[in-house]
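Written below as structure tokens is the structure these notes are about.
The values are calculated or read from the model by the stated rules, or taken from the named source; none is laboratory data. Please read all numbers here as calculations on a predicted model, not as lab measurements. Here the Cβ positions follow ideal geometry from the backbone for every residue, glycine too, while neighbour counts run over all protein chains shown.
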């Protein structure tokens, strides 16, 4: 019976799954590789099935392994929430709560919303982690965070979303570039130009591809950059064009360094959403944070717009 209450082998299994490697799991746990392998063997014997397929690309989960991992992630998420649940029974909102955000709202919107939450609940400790939109959704699926903030993209059926803000996505140029005054931009305007795009997995990248459509093929070259600040500086320097959020370029436009194009077909509003797993019951600080951030819905006094 004592083995049933030993969560450590499940923790080892979870780290192997995340890293795809017994060696990296051992390094993170500060134990030997044989010890990690021993814990894994004990689990595989207990479940009567291999949990991983060992390949040249690393440790890949089997079908059974994927099913076990989903339940293990759920188990540890519930375990970590026990202190918050105890506080909630006493009417207290305190302790750390994680929220993951994609880079644009994570830089320009979420910090202000978390400040409001902190003002309301001074004993709570919201912690923001940044990834691209695909990473944020993956962290939600793995129960690594209770809440996320992402832009418009295809989401799993099991994700619940609540709109909390909007920006404008648009093609931008250096202030001295005459292209920003063109009211109808065609392929001929772009054939000798460079376009700077965010990395795949970013909602800004997906939005840029939808915004530009067939015009993307007209550019002389496409350069992928994983940082909006780097794209801004490249455009300010006259190296090319970029598709960026109105939040990201607000200061540069005010200072006269950047200009959005006047072609209204290359400017489009984009919504941002607070997201969580539908099957995850929020408790304590996470529940309070969800309630606080959803006050920023469209039409509400705290709605964040372009």
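State the number of residues belonging to the stretch 86-100 that are out of contact with any helix residue (DSSP H, G or I) (no Cβ under 6 Å at 6 or more places or on another chain) and under 28 Å from residue 131 (Cβ atoms). Looking only at that region, the number is 3. Going through (1) modelled with pLDDT under 90; (2) assigned by TED's automatic domain parsing to the domain that holds residue 282; (3) surrounded by 14 or more Cβ atoms within 10 Å (Cβ to Cβ); (4) assigned to a loop (DSSP other than H, G, I, E, B) one by one, residue 157 falls short only on (3).
Would you call residue 48 over 19 Å from residue 79 (Cα atoms) and surrounded by 15 or more Cβ atoms within 10 Å (Cβ to Cβ)? Criteria not met by residue 48. Inside the stretch 180-207, can you point out the residues that are surrounded by 18 or more Cβ atoms within 10 Å (Cβ to Cβ) and more than 25 Å from residue 137 (Cα to Cα)? Result: 180, 185, 190, 195.
Residues 98, 60, 7, 69: which one is surrounded by fewer than 14 Cβ atoms within 10 Å (Cβ to Cβ) and within 27 Å of residue 200 (Cβ to Cβ)? Answer to the check: 60. Given the criteria touching a helix residue (DSSP H, G or I) at 6+ places or on another chain (Cβ under 9 Å), surrounded by 16 or more Cβ atoms within 10 Å (Cβ to Cβ) and either within 25 Å of residue 282 (Cα to Cα) or at pLDDT 95 or above (or both), does residue 22 qualify? In short, no. Only helices (runs of 4 or more DSSP H) whose full extent lies in the stretch 30-142 are considered here, and the ones with at least 3 residues that are outside the structural domain of residue 282 (by TED's automatic domain parsing) and either under 30 Å from residue 270 (Cα atoms) or touching a residue at least 12 places away in the same chain (Cβ under 8 Å) (or both) are 33-47, 63-89. Each residue in the stretch 198-213 was checked for being touching a helix residue (DSSP H, G or I) at 6+ places or on another chain (Cβ under 8 Å) and either within 17 Å of residue 264 (Cα to Cα) or at pLDDT 95 or above (or both), and 3 of them qualify. Based on what the data block shows, is residue 150 outside any loop (DSSP other than H, G, I, E, B), within 30 Å of residue 212 (Cα to Cα) and under 16 Å from the mean Cα position of the chain (by Cα)? The answer is yes for residue 150.
Conditions (1) assigned to a helix (DSSP H, G or I); (2) modelled with pLDDT of 95 or more; (3) in the same structural domain as residue 204 (by TED's automatic domain parsing); (4) crowded, with 20+ Cβ neighbours inside 10 Å, marked per residue:
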| site | (1), (2), (3), (4) |
| --- | --- |
| 223 | no, yes, yes, no |
| 229 | yes, no, yes, no |
| 235 | yes, yes, yes, yes |
| 250 | yes, no, yes, no |
| 259 | no, yes, yes, yes |
